[in-house]
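The values are calculated or read from the model by the stated rules, or taken from the named source; none is laboratory data. Owing to the predicted nature of the structure, the values given are computational and were not obtained by experimental measurement. Backbone-built Cβ (ideal geometry, glycine too); neighbour counts: all protein chains shown.
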Amino acid sequence: MPVAQLSIMSAISHAEQSSSASEDADQGLIARIAEGDKRAFEQLFTAYGERVFRYAYRLISDQTKAEEVTNDVMLEVWKTAAKFERRSKVSTWILGITRHLALNAVRRKQLDTVDVDDAPEIAAPEDNTSARDHDHQVLQKTLREALSKLSPEHRDVVELTFFHGCSYAEIAEIVQCPENTVKTRMFHARKQLQGLLVEAGLDPANVEMAS
Amino acid sequence: MNRQEAQELLPWFVAGTLNEQETRAVQAFIDSGEITSTELDELNMFATAVNEQTADEPEYNPAILNKAMAQLDATPQDAIEEPLVVGEAEPQRGGFFANLLDRLQWSQTPSMAKLALGAQFAAVLALAVAVAVPGGQDMGGAYYEVVSGTNPALAADFNIAFAPDTTETAVRELLLELDAQIVAGPNSLGMYGIALPAETDLAQLQAQLNSNALVTYVQPAANP
């Protein structure tokens, strides 16, 4: 077995143990919240507040509303902790609530998500001769702008995968669709991102990843 | 897993959220060169870009926690419906009837339905008691009369009942053997009153009848 593979397996095993311990701690907090423990609520809010805010913000693109949604999500957790049935991870449950409330806020307030037509134009590379000439910052900025051009469904899957570290099964649970739909959305998101980068003069195949 | 499936899972391979089996399978495609490092690099770029988006976003304000904390007292919590930690605590057992009522969702049953069910249950219970206890009041002599009427000259010595599949011929043969005759019955429970010759040893005959497969019940009749 290649060393790299052994290393990956070891890392996975370690990550799984760590994740399991973290999940147990989260489950413990939820159990205490269900009994009305405010201290546990504070701990959970501290652990998840920013994550909830980021997810909400990226769904509704409005800071004030994202903060309101964060508040509402955590109060919903306080209110319904007793009904949490441990069928999913705490993070999956909370992100599912976040998505639900954020989309409700979008519908209720008719907030505008970043529309493809209104999204900022992708910055043209200063030197179009070769993508290799772009430094890491320019590349990442361009990528971020390309991400903002994805449809909300596709962006959702990409962000839940890479920002929130959700498995495809967890994403399926959060966005309430079949796992194959999650994979299909990711496939199309990748294709779109590749197309947008090529359009911006950055061919992913020719770009060296700056670490 | 084929190459296409491995490619579909590649983003989660990069994110490190595949299970061990999936990770091994995807890794095998990478090792064999069927999935190129370019694809991996591309996904790593996307992952980095997603994680660095926060640079363009507003700062998270931790003070929103205070607002939520202030709202807790005014936010009622749902009651605990089931144990949160499975296996740590046995659910409290409320006894047979509590479990039965719970299973029947008795608390959610309308009052009229409860009344009807209660009446039906009482009727079934009464019938069951009547069947199971043949030595009840009915056995004290309140027989239905035979079509020809009760023979006043003969009083029943025994009340007797026969097995359900007993034929008339078998009953007749038994009565002939005992030199007995039916003087009453059958009543609602299928009980007959039989009279025996005066010299019969009733106790011995009762024991004999009790051991007879045709006879399901035999007791001395209570004559007035």
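Here region A:34-53 is the region considered, the condition is being buried (at least 21 other Cβ atoms within 10 Å of the Cβ) and more than 7 Å from every other protein chain (Cβ to nearest Cβ), and the residue that is farthest from B:PRO58 (Cα to Cα) is A:LEU44.
Reported count of residues in region B:1-60, each being of a type in the set (Phe, Trp, Tyr) and either at the interface with chain A (Cβ under 7 Å from one of its Cβ atoms) or surrounded by fewer than 19 Cβ atoms within 10 Å (Cβ to Cβ) (or both), is 3. Pairing each residue of region B:159-178 that is exposed (fewer than 10 other Cβ atoms within 10 Å of the Cβ) with any residue that is of a type outside the set (D, E, K, R) and assigned to a strand (DSSP E or B), provided the two are 6+ apart or on different chains, yields no C-beta distance under 6 Å.
Only one residue in B:THR216, B:THR150 is at pLDDT below 85 and among the hydroxyl-bearing types (Ser, Thr, Tyr), so which one is that?
Details: B:THR216 fails: at pLDDT below 85.
Result: B:THR150 is the single residue among B:THR216, B:THR150 that is at pLDDT below 85 and among the hydroxyl-bearing types (Ser, Thr, Tyr).
Once region B:99-147 is narrowed to residues that are modelled with pLDDT of 65 or more and among the β-branched types (Val, Ile, Thr), the residue that is surrounded by the most Cβ atoms within 10 Å (Cβ to Cβ) is B:THR109.
Scanning region A:24-43 for residues that are within 20 Å of B:LYS67 (Cα to Cα) and basic (Lys, Arg) gives A:LYS38, A:ARG39.
Inside region A:126-176, counting only helices (runs of 4 or more DSSP H) that do not spill past its ends, which hold 2 or more residues that are under 24 Å from B:ALA55 (Cβ atoms) and modelled with pLDDT under 85?
Values: elements: A:136-148, A:152-162, A:168-175.
Hits in region A:126-176: A:136-148.
Mind listing just one residue for me: the one in region A:54-67 that is more than 9 Å from chain B (Cβ to nearest Cβ) and assigned to a helix (DSSP H, G or I) and, of those, nearest to B:PRO58 (Cα to Cα)?
Step one: of region A:54-67, the residues more than 9 Å from chain B (Cβ to nearest Cβ) are A:55-56, A:59-62, A:64-65.
Next, only the ones that are assigned to a helix (DSSP H, G or I) stay: A:55-56, A:59-60, A:64-65.
Numbers: A:TYR55: 12, A:ALA56: 12, A:LEU59: 14, A:ILE60: 13, A:THR64: 10, A:LYS65: 12 Å.
Here the answer is A:THR64.
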